[in-house]
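Data block below; observations after.
Every read-out reported here was derived from the displayed coordinates using simple, explicitly stated rules and does not represent laboratory data. Only a predicted model underlies this, so the values are computations on that prediction, with no experimental measurement involved. Cβ placement follows ideal geometry from the backbone for every residue including glycine, while neighbour counts extend to all protein chains displayed.
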Amino acid sequence: MPVVIASARTEKVVAVNTAATILFDKDQSSLVGSHQTELHPPELEEQHRELFRTAVDGNEDIVYSYENEGVVVQQRDGTKVPVDVRTDTVEYDNETYVVGLFEDARDRLARVKQLTEQSTAIESSPAGIAILGPDGTYNYMNQAHAELFGYETPKKLIDGNWQQFYSDQRVAEIETEVLPVLEESGNWDGELTGQRRDGSEVVQRVSLATLPNGGLTCVAIDLTNREQTQQRLAEVRELGEGIMLAKNVDQALTLIINALTDIVDRPLSGYWQHDKDTDELRPVELSAGMKELIETTLTFESPQSPVGQSFVAGEPACHPDFPVTASNLNRDTCLSSAYIVPVGKYGVLIVGSSEPENFLKEDKELIRIISRHLQVALLLIDEREQLRSARERAEAHEAQLERVIDTVPQLIFAKNTDGEFILANEAVADAYGTTTEALVGSTDLDFSATEDEVDVFTEDDRLVIETGESIHRKRETLTDSDGTERILETWKIPFNSVNNGTDAVLGVANDITELVGVREELRRQKQLRKLTSLSNELLQTSTLNEAFSVCVDAVEDAVEDVDLITIYQYDDGTLHKQTSKHADGFFPPRIEPGESAIWQVVGADRSQWIHQDGFGPLGNPENSTDYGQLLAVSIGREAVLAVCTKECTDENKDFITAIANQTQTAITRIQQAQSIQNLSGNITEVSQRADRYQQVWEVFIHVARSIIKARTRDGVEAAILSFGNKLTDYTHVGRYNPIEDRLDITSVSSEGGPAKLYSRDKRFPAVTAAAEVTTELVDGTDTQEHSEWLRQLLYFGYRSSLAVPLANNDTVYGVCEFVSTSVEDIDQPLIQTAETLGLLAGSKIASMEASDSSNREIRFTVECYGCSPLFPGLPSESTFIFDVFTLSKEQIAFLRGEVTGLSSESVRTYLSQVPNIEIESIEQLDTGICEVSLRIIGSKESELRRLFDSVAGQQVNMAKIRCQPDVDVFDLRTVNNKSVAETRSQLESLYDSCSLRRKESVRQDKIRTDADTSNLTQRQKEILEIAVQQGYYASPRDTSGAELAEQLDISSSTLHQHLRAIEHKVMHSFFQRS
């Protein structure tokens, strides 16, 4: 507890404890030595100085703080804290000191405030609340509890016993039934009947609960008014049931006014009805007391009057001082107050009193309930009146409609699901020779002897009811009671019977017998006019398609109810669709033999109706019934006219057949004219083709002589360029490298043309022609394979090309490619001649090499197919290209080169599983490109040893190899021409098959002893060229590898890997040639 000691003489603080520093929110040094008034708010200085002097005098030892008085201390931040203080004085060393014990009073004051609020709530509660001691006497009672029993104040009832409010019988019941339950469970709730001070009974809802000291609490609610209210509510509910049965407005108003008088006990009441014309409220029903009070007719204007304002707002209004002038009321009495309740749109109820008063809440609620009953009753009476009027109007309309239906000439009827008539007009009855009454409940079969007609009617009725979709029959027949066949146009729609709500069909039919006769005559005249004009129209046609179109138009113009028309032409054993109308999606483009019944009339000079079962591939099965039947008519032996129509009559068949016959006559004339024209055209075409062959042949003879006379390969290539220059726009010749799968251009007709495209790493047509020993034509008709080449040609201004291999016995000595700005220039005569030229050139080059190989090195390439003894089971999309170095007998060879299509990890994984392979190194150069060094070892019996021995035994050097999953390609060198065939033969013993893909001779004196870059890739050549230009080899110290790598857009490590591979290949080539 905070303790503060101050000198009585100086009033200064001399000591404080820690709790005091917390209370004042100050440290000890700031408190000690301060004046005691400094502990309190400045504005309360005098008050606290007086309290301190009182404590010094010993007159007050404890001071409590209350809401606005007592002791208040001030903390460092200015917060004011009410405290309770206990003081005492002590003597020490002849000095008097005041010891103050401070206690924070905020929590106590909050509890006091809460208790005060609770006490106020208890006192103001409408429920009676009391507290009884263990002896049953009242210790506390609020005002409501005293008033419950008729006392003005609870003072006289305190210390009295609870039994004073109950009869002896009730006391006995409470002691035997209530108190035992209370003692056992600690609480009780129920209804008790007590006695007021005047002796009257009071029904109360009582809740009892025991207290720890043995006493109890009692809460009582007066239920006397509730009982009366419930009784009146029951009477009002009974009124509601009765008023709903009121037959008219007067009866309903009488019941309402009587209820206000008897139930609510309000003798002054009345109902004022709203007059829409004058916008006034006029009295129509008043109680006896209200009639005596009101002398004349009392009306209220809307919305000027208070009554009118309440009616317009639709809200009840209570007027304790009712503003009515004396002239409207009885002079002896007056209406001083009124409660006005609107009755919907109908009017208002006014309940009045002769004295000023504010109506009780219970009375207001009952009056509002009664007004709602009246509003519902008036609404029901209105609705019954409207229904009666509507029923009378409906009956009148129904009678009128029956007269109209029976008067119109159309046949109008309705049938149920059993086919029985539930409605029929006089026209139907006349047709069947009976009455409308006799038709109801009968069926068509009861009156018609024609069962086929009844079957059609019944089927249509069934479809309409089951599908819920309407049916329109443009033409159907009905045989009437006289045996006359009538032609009807009928509509049938789904219908629900009014009587029982069951599904039915409603039908309306027009008798169009006379109209059909007129239409038939008009149709015949129209068709005759069409046949007359058709001959002239067909005479103007010059092609089969024109004749077919005229034929189809004639059918569409002159034949009614034609849905689909098409013509199929017979060609090469198949029917092909030529001309059609409205037939998209129904008639297929072609019909194979046997697929449709249409084939029955092909070339048979006949017409035939074909039911939908014989349509075959025609149409959609879901809607094919919409098109009726198909009429197929032959047009000679050339075509078939197919027409879908619902009018399957002989007249239509004969007319369409006549159109087909006239069309056949026109076709015969057109064919004869075309034969004469074709004969003339063929002569011109043959003449032009002969001229072209003559032109190409003359050039070929000249070039062939040049090739035969040529002594060198350059002479052969020059002759080929001469051929291209005379017949095309551009020509180039090149040599194919099977190992690199590329073309090295050796001759061009002009610089800067498409030949330079072969420096790219692309498989353009000339490479394909050499690799596959085939002719490659690119003319834009099929650009799937060489689309990129064609785009590049268009860039140069060319549109077509022809690549031809210079081959002899599948050995390719080169490729020539002819390029033209026109597609027509590379025609069949040129292609045939160019292929012959390629064979001649290949044979000539082979002959020159065979006759002059004694002093030349022979380079040749052999392709071998089948399981590879080198790298069996190569992964797909991978290619191995190696330079070959032959080593000792223990180590067969050393291979160094590139692997494409695999990562370094995949290469290592594969090679580790191949026998007789030792991996020297594997380096990743680029994505999908690795540099690999290998050693091949093996015993004398191994296939690898046999492979290399078969080559070395023929005095042949293996320079390079290219291995792919399905082929191994060997680049070989020899000086003995015979070794070529023998090497191929030896390799065939190790593979499924082998072919000589390239062969060329190089004179020994022309073999360079310096480095050769022919075996470098295009990228390696580019890197080497830039390195030499930048002085990388001439002055290595002055050339930065990092700058060179940056120029090539590669990393320094990748640059050095490329340079090592280049240096290896160049050195290998140098030593081989040395």
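Details
- Relative contact order %, segment 256-318, counting alpha carbon pairs below 8 Å whose residues are six or more apart: 24
- Degrees separating the helix 224-243 axis from the principal Cα axis of the chain, which is the longest one: 60
- Sites listed here are GluC sites (Glu not before Pro) in segment 450-509 whose DSSP assignment is loop and whose Cβ has at most 12 other Cβ atoms within 10 Å: GLU469.
- Considering only alpha-carbon pairs that sit under 8 angstrom and 6 or more positions apart, the relative contact order computed for the chain is 4 percent.
- Gained length - ASP430 relative to SER989, 0.36 nm times residue gap less alpha-carbon distance: 190.7 nm
- Couplings 3J(HN,Hα) of segment 187-201, computed from phi: 7, 8, 9, x, 9, 10, 10, x, 10, 6, 4, 8, x, 6, 7 Hz, in residue order, whole Hz [Karplus 6.51 cos²θ - 1.76 cosθ + 1.60, θ = phi - 60°; x for Gly and Pro].
- The angle between the Cα long axis of helix 713-727 and the longest principal axis of the Cα atoms of the chain comes to about 70 degrees, rounded to the nearest 10.
- Computed from phi, the 3J(HN,Hα) profile of segment 479-493 under the Karplus parametrisation 6.51, -1.76, 1.60 (θ = phi - 60°) reads 8, 7, 5, 8, x, 7, 7, 9, 9, 10, 10, 10, 10, 10, 10 Hz, with x in place of Gly and Pro.
- In this calculation the C-beta distance from ARG791 to ASP761 is compared with R0 = 25 Å, giving a FRET efficiency of 0.90.
- Sum of -39500 (n - 2.57) over DSSP H runs of 4+, divided by residues of the chain (222 nm, nearest 500): -12500 deg cm²/dmol
- Taking 0.36 nm per residue of sequence separation and removing the Cα-Cα distance, the SER185/ARG393 pair yields an extension gain of 67.6 nm.
- Approximate spin-label separation SER1053-ASN500, in nm, with each point projected 7 Å along Cα-to-Cβ: 9.5
- Put a dot 7 Å past the Cα of THR21, heading toward its Cβ, do the same for GLU147, and the two dots end up 5.9 nm apart.
- Distant-in-sequence amide H partners of SER336 (H built 1.01 Å from N, under 5 Å): SER353, SER354, GLU355
- Structure-derived P(r) over Cα pairs in 20 Å bins from 0, in percent: which label, when the choices are (i) 11, 37, 37, 14, 1; (ii) 8, 14, 13, 13, 15, 20, 15, 2, 0; (iii) 10, 32, 31, 19, 7, 1, 0: (ii)
- Other-chain or far-sequence residues with amide H under 5 Å of ILE512's (modelled H): ILE487, LEU488, GLU489
- Of LYS156/LYS361; LYS530/LYS577; LYS415/LYS653, pairs whose Cα-Cα distance is over 27 Å: LYS156/LYS361; LYS415/LYS653
- Long-range amide H partners of THR746 with built H, under 5 Å: VAL733, GLY734, ARG735
- Whole-Hz ³J(HN,Hα) from phi, Karplus 6.51 cos²θ - 1.76 cosθ + 1.60, for segment 376-384, glycine and proline x: 5, 4, 5, 5, 5, 5, 4, 5, 5
- Sequence-separation-based contact order of segment 522-678, relative, with Cα cut under 8 Å and 6+ spacing, percent: 25
- Seen against the Cα atoms of the chain and their longest principal axis, helix 978-988 is set at about 40 degrees.
- Under 18 Å from the Cα of LYS345 - aspartates and glutamates, other chains or at least 8 residues apart: ASP250, ASP275, ASP277, ASP279, GLU280, GLU285, GLU301, GLU315, ASP382, GLU383, GLU385
- Cross-link reach list, lysines versus LYS80, counting only Cα pairs under 20 Å and skipping chain neighbours closer than eight places: LYS26, LYS113
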